[in-house]
Structure formats: structure tokens, C-alpha cells
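Here's the structure, in C-alpha cells; my notes come after.
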Amino acid sequence: MGKGWKNPIKAANAAKKGLEFSKLAKEIQVAAKLGGPDPDMNSRLRLAVDAAKARSCPKDTIEKAINKGAGLLDGEAQPEEVLYEGFGPAQIGVLVECQTDNRARTATDIKVAFNKNNGSLADSGSVAWMFERVGLLEGFHTNKKIDIEEEAIEAGASEVEPLEMEAGLGASFYTVPEDLDIVRIALVERGWTIEVMELSYNAKTKTEDVSEEDKALLGELLEKLDDNEDSFRIYSTVDF
């Protein structure tokens with residue numbers, strides 16, 4: 001038997017890798033657009049570049065993304081961040097953060113993803129009220145015996161959750177958006193390695209008593225939304 005069966009698998013894996021690189025590049029572009037092209041002076045850009053390197057994103061892709069975001073490439077469209085709101089099965093609230101250089105295309109694609117996967121796009125404000133805007137930091141500490149609650153208090157974070165990480169004691173720290181970099185600096189000074197630093201959304205109104213069938217349908221919807229080239233972060237009012 002030949003090995004032709006491997007070709008579709010390799011092609012699918014390559015497509016997934018290409019989509020991942022595209023999303024990493026867009027985050028770099030937006031970070032450079034908002035804070036400038038110097039990673040030493042732009043903490044969001046620095047973390048975006050580090051994340052891209054950790055996933056073996058090509059160096060020229062990273063450099064082009066920085067230059068494009070900073071407006072240093074003539075004729076290149078600037079990406080912008082757009083938030084879409086919708087409902088999944090059982091009226092589960094869903095937010096989709098996108099980074100796009102073609103708002104019309106993205107709006108159409110996101111609407112189709114909702115409509116074909118047991119959901120519907122909603123008017124602005126219909127779902128966002130279920131969430132609060134927060135700063136999110138994810139990282140690890142090599143000392144697994146420390147108390148993450150105490151660490152959060154000392155660093156000025158408003159909330160903390162344990163996070164499973166291979167490198168050490170992992171945690172997700174939440175704070176008000178304007179204190180994000182202040183808390184990051186405090187955590188680093190306390191020995192934490194920060195791998196994620198971003199503005200995020202936390203559901204303040206949870207959808208309760210969701211059936212396993214509706215959770216499965218929601219999972220299909222979120223997967224389709226995540227497969228979109230322009231989607232970046234996706235949130236729902238259900239905890240899996």
C-alpha cells in the first residue's frame with residue numbers, strides 16, 4: 001500500500017500552521033500599530049514576538065508584521081481590531097475578537113460561521129454587557145510551593161486562577177486593564193515568567209444548566225469561528 005494517504009494529512013497540518021502564523025502576525029501588527037515597532041518599549045509587541053518565536057514563526061514573517069503594523073511598508077493595509085457579538089445554542093453569549101484589514105469580508109465570514117453552526121450574529125451591545133473587560137496575565141513560577149492567592153495580592157491583581165503548565169506552578173492573573181503592565185512588572189520581580197499578556201473578557205453573567213448536547217454544538221461553533229483567518233480571541237458565557 002502506498003503512502004498517498006499521508007498527503008492530505010500533511011496538507012491539513014500545513015494549513016493549520018499557516019493559519020496560526022497568520023494570526024500571530026496579525027497580533028504583532030496590531031501591537032506595533034498601537035505601541036510602536038520597538039519591542040523594548042512596547043510590552044504587548046514583545047510578548048507577541050516571543051509567542052511567535054516560540055511557535056517557530058519565520059523571522060521574516062515577524063519582521064514584516066512589525067513593519068506593516070508600524071506603517072513602514074508603503075501600500076500595505078493596516079489591520080484593525082473588531083468585536084463581533086452573537087449567540088450560540090441555548091442563547092449562550094459569544095464574543096469574537098478579530099484583527100482584519102477588510103472589515104466587510106470579516107463581517108460576512110463571521111456571520112456565515114454563526115448561521116451555519118447553530119448560532120446567530122447579534123447587534124452591538126446585545127452580548128457585550130454579559131462580559132467585563134480585564135487585563136490577563138498567564139505565567140509560571142519555578143517554586144511550586146508558593147501561594148498564588150498571596151502572589152496575586154502582592155502584585156496587585158484582582159483575581160487569580162490556577163493554570164496547568166509543565167514548566168512550573170502556573171496561574172492566570174486578572175486585573176483592571178490600565179494596571180496590566182504594572183502587575184506584569186510586579187510579577188516578574190517576584191520571579192514569575194509571563195507568557196501571555198493581553199486585554200481579555202471575563203463572563204460576568206454565566207449561562208447555567210447547559211446540556212451536554214448544547215455544549216457539543218457550542219464547541220463546533222467556536223471551532224468554526226477559530227478557523228477563520230481573522231478571528232483572534234473567542235469568549236463564551238459557558239465554562240467547559
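We did not get these values from a lab; they are worked out from the coordinates using the rules stated. Values in this document were obtained by computation on a predicted structure and should not be read as measured data. Cβ sites come from the backbone with ideal geometry, for glycine too, and all protein chains shown count toward neighbours.
Name the most mobile residue of Asp209, Asp227, Asp40, meaning the one with the largest mean-square fluctuation, in a Gaussian network model of the chain with Cα contacts below 10 Å.
Its mean-square fluctuation being the largest, the pick is Asp209.
Taking the Cβ of Leu187 as the centre, find all other residues whose Cβ is under 10 Å away and add up their charges (Lys, Arg: +1; Asp, Glu: -1).
Taking every Cβ under 10 Å from that of Leu187, the sum is -1.
Points 7 angstrom from Cα along the Cβ direction at Asp209 and Asp226: gap in nanometres?
Here the modelled spin labels are 2.9 nm apart.
Once amide H atoms are placed 1.01 Å from N in the peptide plane, what residues at a sequence separation of 5 or more from Arg233, or on another chain, have their amide H within under 5 Å of its amide H?
Glu97
For Leu199, Leu45, Leu136, what ranking results if the residue with the fewest other Cβ atoms within 10 Å of its Cβ goes first?
Leu199, Leu136, Leu45
Using Cα-Cα distances under 8 Å and only pairs 6 or more residues apart, what relative contact order does the chain have, in percent?
Here the relative contact order equals 21 percent.
Tell me, what is the FRET efficiency for Asp50 and Ala104 to the nearest 0.05, using R0 = 22 angstrom and their Cβ-Cβ distance as r?
With R0 = 22 Å, the Cβ-Cβ based efficiency is 0.10.
List the residues, sorted by chain then number, that are 5 or more residues from Ser158 or on another chain and whose placed amide H is less than 5 Å from its amide H.
Here Tyr174, Thr175, Val176 satisfy the definition.
What trypsin sites (Lys or Arg not before Pro) does region 158-232 have in DSSP loop regions with at most 14 other beta carbons within 10 Å?
When the trypsin sites (Lys or Arg not before Pro) of region 158-232 are filtered for loop state and at most 14 Cβ neighbours within 10 Å, Arg190, Lys204, Lys206 remain.
I'd like to know which of Leu218, Ile194, Thr205 lies farthest towards the positive end of the charge dipole of region 182-223, counting +1 on Cβ of Lys and Arg and -1 on Cβ of Asp and Glu.
The residue sitting most towards the positive pole is Ile194.
Would you mind counting up the charge near Asp109? Only other residues with Cβ under 15 Å from its Cβ, with Lys and Arg at +1 and Asp and Glu at -1.
With Lys, Arg at +1 and Asp, Glu at -1, the net is 0.
Let me know the charge dipole size of the chain about its Cα centre in debye, to the nearest 20, where only the beta-carbon of Lys, Arg (+1) and Asp, Glu (-1) is charged.
The dipole of the chain has a size of about 1220 debye.
Could you work out [θ]222 nm for the chain from helices alone, using -39500 (n - 2.57) per DSSP H run of at least four and dividing by all its residues? Round to the nearest 500 deg cm²/dmol.
For the chain, the value works out to -13500 deg cm²/dmol.
Which one of Ala155, Tyr174, Leu95 has its Cα pushed farthest toward the positive end of the charge dipole of the chain, where Lys and Arg give +1 and Asp and Glu give -1 at the Cβ?
Leu95
List, in order, the whole-Hz ³J(HN,Hα) value for each residue of region 147-153 obtained from phi through the Karplus relation with A = 6.51, B = -1.76, C = 1.60 and θ = phi - 60°; use x for Gly and Pro.
With the stated coefficients, region 147-153 comes to 8, 5, 5, 5, 4, 5, 5 Hz.
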